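Below is one structure; the comments refer to it alone.
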Amino acid sequence: RAKSEGHGVCRVFDRKMAETIESARALQRDLAEAVAAGALEVHYQPIVDLAGGNVSGFEALLRWTHPIRGPIPPSEFIPVAERTGLIVALGGLVLRRACRDAASWPSHMRVSVNLSPVQLVQPNFVFDVVDAVRSAGLTPGRLDLEITESVALAENTATRNALGQLRAFGVGISLDDFGIGYSSLSYLRSFPFDRIKIDMSFIRDLGHKEDAATIVRAAIGLARALGMKTTAEGIETDAQQSWLLAEACTEGQGYLFGRAMPAAAVRGFLSGAHRRRIG
Ligand code: C2E
Ligand code: MG
Ligand code: MG
Ligand code: MG
């Protein structure tokens, strides 16, 4: 009896597994089609200079609205794109689009582009970035590349050299999601980053958990001592903003200042921000 029940459980399990695999395949296929059709959009979230209260730039964030499932978050489709290698083409599209869009913004504003570790190890990586900047007519200093902590950089000399070449070209290099990745402190020694972006999980806990304030304060101090700027991610309240300003965090990003918006909305946002004096 136990044996036959066991078989039943197995059949249910197999069916669930098959469904999961099938829906993962469908997502992969739909994503590849959407990329080929140019159906993904690049949206822009403002980054604010905390001391002056001005918009200093925008982070490019991918948006995909699936024809049936509706909006799918990057946390779901980026890993799929990385697994299938599609991220190389997709990341290239984001880079070129972001440089072109930024070229139409006020000339002191930067654009930040997220890079996947998969892109960093491509042989054409440096050439592609330089080409995107040059074809857009963008000053290299207006592009910031955001990379997350990964083994790719820590253990790959070629990757570090590539980033070094881009930095020499004038592009900024930021360490994204600082504090939640692997081996954060030694990571800071692996490359001379221009800035670190403090992960929003710490910002969210400011004012609730005492250790969050201690960690954020230490991260800002550490970055400053190493000659790096700091951006706090996920600022949602005035209290978080004033605390970070008092701690001399350089920049902030979060729903308090604005969510990611389509490229066409940036101009209107900037004139509104100017009137509200956050920009
Ligand atoms: P990230 O680079 O750390 O981007 C910041 C994320 O935090 C964005 O989520 C943004 O919408 C969200 N965020 C910003 N402010 C707030 C806030 O005040 N509250 C809350 N709750 N969230 C806030 P999003 O757009 O869902 O992107 C998630 C991640 O997906 C990004 O994290 C990045 O790692 C990845 N991603 C997005 N676009 C690209 C891309 O073009 N290429 C690559 N490789 N990764 C991307
Ligand atoms: Mg980022
Ligand atoms: Mg981040
Ligand atoms: Mg992230």
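Read the figures in this text as sums done on the coordinates, not as results from a lab. Because the structure is a prediction, the values reported are computed rather than measured. All Cβ positions, even for glycine, are placed from backbone atoms using ideal geometry, and neighbour counts span all protein chains on display.
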task: Could you tally the net charge around V133, taking each other residue with its Cβ under 15 Å from the Cβ of V133, Lys/Arg +1 and Asp/Glu -1?
output: +3
- prompt: Can you give the alpha-carbon Rg of the chain over 2.2 N^0.38 Å, where N counts its residues?
  reply: 1.12
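Please grab the % of Cα pairs in segment 192-279 that end up more than 22 Å from each other.
Result for the distance tail: 32 percent.
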query: If one takes the longest principal axis of the Cα atoms in the chain, at what angle in degrees, from 0 to 90 and to the nearest 10, does the Cα axis of helix 86-102 lie?
result: 30 degrees
- prompt: What area, in nm² and to one decimal, does the C-alpha convex hull of segment 20-61 cast on average over all directions?
  reply: 4.3 nm²
- request: Lys and Arg at +1, Asp and Glu at -1: add these up for the other residues within a Cβ distance under 14 Å of W105 and post the number.
  value: +2
message: Semi-axes of the equivalent ellipsoid for segment 1-141, please: Cα gyration tensor eigenvalues, times 5, square-rooted, ordered largest first, whole Å.
response: 41, 17, 13
field: segment 125-279: radius of gyration over Cα atoms, expressed as a fraction of 2.2 N^0.38 Å
entry: 1.12
- prompt: Over all Cα pairs of segment 118-178, how is the pair count split among 10 Å bins, expressed in % and running from 0 up to the last occupied bin?
  reply: 22, 57, 20, 1
